[in-house]
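The values are calculated or read from the model by the stated rules, or taken from the named source; none is laboratory data. Note that this is a predicted model, so its numbers are computed, not measured. When we count neighbours, we look across all protein chains shown, and the Cβ atoms used for this are built from the backbone with ideal geometry, even at glycine. Heavy atoms of the whole protein, side chains included, go into the accessibility calculation; ligands, DNA and RNA do not. Shrake-Rupley method; radii C 1.70, N 1.55, O 1.52, S 1.80 Å.
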Amino acid sequence: MDINQVSQAAPRLAVPAMRLDGLRRFLFGRHWTFRVGLLMLTVLVTTLILAPSVVPYDPAAQNLLARLSPPSTDHWLGTDNLGRDTFSRLLVGGRFTVTIAMITVILAVVIGTLIGVVAGRIGGLFEEVTMRVIDLLISVPDVVVAIFLVAIFGPGFATLIASLAVVGWTPFARLSRGLTLTINTQGYVRAAEVLGCSRSFIVFRHVIPNIIRPVAAVTFVRFGHNLIMVGALSFLGLGVQPPAPDWALMLADAQPYVERLPILMLAPGLAIFLAALSVTWIGHGLGIEAKEKGSTDE
């Protein structure tokens, strides 16, 4: 190979190396809680995606002759009060809880961030009314508001998502509004205003890119909170309805048999705990990085 061929091949070899180096910095250059949480979340999401094709039994199939069977080679986590395989229901049951929590946190972060940024940029009456509404909603526990809304409109997938989105946007609005007020005092924003840049340009060019990191940290922490909320509402019979396999429903069904077969409650309870812990650790790691970046900028 002559020198011309080497020079032509070098850029092609450098691109994958740069990508691998960037991926290595992304994974290993972060706080340990972020790395551990990301690993746990990756395993969880992969399991939930592959669950329908790898479960050993139909999660809804009943076998009353094998009800409340202890763990065995046939049923790794035993069977419930209707003879359904606990392991199969555990793998499939997380799809409902995680999906609802993910949709609600996405809606909350989009709605709350936009409202907070607009309130911080516009100010005046809109900001005052927005903050008073936020104070009113925050003064009431989220679970109380969610139960109230679900009780009015009835349990269901759509009602559960709407209820959690209504109570979930306030932390993002308050955070993004405070960050926007801080960014408004920066020199580059003042310069853009003097140059006559539009409000939308300033928001999408200067404000939103500078609040992504702290908002992302709160997003993952709120994701864990929503997992617990979905589980609590389903446990009370106001969320996912039977016979759908759901972690919280498994907890409710297993409650009368906890002394006879504790694994029926331990398995779904541990699954909810680990799922919430994984996203909370990711948010914790991002929050530490956001603080470090803020102190460095100062």
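This table checks each residue for (1) within 18 Å of the chain's Cα centre (by Cα); (2) buried (at least 19 other Cβ atoms within 10 Å of the Cβ); (3) at negative phi.
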site	(1), (2), (3)
PHE96	yes, yes, yes
GLY116	no, yes, yes
ASP135	no, no, yes
PHE148	no, no, yes
VAL167	yes, yes, yes
GLY178	no, no, yes
#### Entry: Some residue of region 58-68 being within 22 Å of the chain's Cα centre (by Cα) and hydrophobic (A, V, I, L, M, F, W, C)
no
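Conditions tested, residue by residue: (1) assigned to a helix (DSSP H, G or I); (2) among the β-branched types (Val, Ile, Thr).
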{"site": "ARG190", "(1), (2)": "yes, no"}
{"site": "ILE212", "(1), (2)": "yes, yes"}
{"site": "ALA217", "(1), (2)": "yes, no"}
{"site": "PHE223", "(1), (2)": "yes, no"}
{"site": "LEU238", "(1), (2)": "no, no"}
{"site": "LEU249", "(1), (2)": "yes, no"}
### Query
What are the residue pairs meeting all of these: first residue in region 39-61, first residue in a helix (DSSP H, G or I), second residue open to solvent by 50 Å² or more (accessible area, probe 1.4 Å), Cβ atoms under 8 Å, and 6 or more apart or on different chains?
MET40/LEU274; MET40/TRP281; LEU44/LEU274; LEU48/ARG95; ALA51/ARG95
### Query
When region 252-278 is examined, which residues are found to be assigned to a helix (DSSP H, G or I), open to solvent by less than 70 Å² (accessible area, probe 1.4 Å) and within 16 Å of ARG67 (Cα to Cα)?
ASP253, ALA254, TYR257, ILE263, LEU264, MET265
### Query
Could you list, in sequence order, the residues of region 140-164 that are part of a helix (DSSP H, G or I) and over 15 Å from PHE235 (Cα atoms)?
ASP142, VAL145, PHE148, LEU149, ILE152, PHE153, ALA158, THR159, ILE161, ALA162, SER163, LEU164
### Task
Please indicate, with yes or no, whether at least one residue in region 14-31 is modelled with pLDDT of 60 or more, in contact with a helix residue (DSSP H, G or I) (Cβ under 7 Å, 6 or more places away or on another chain) and surrounded by 11 or more Cβ atoms within 10 Å (Cβ to Cβ).
yes
### Query
Within region 64-87, which residues are buried (at least 19 other Cβ atoms within 10 Å of the Cβ), at pLDDT below 90 and assigned to a helix (DSSP H, G or I)?
none
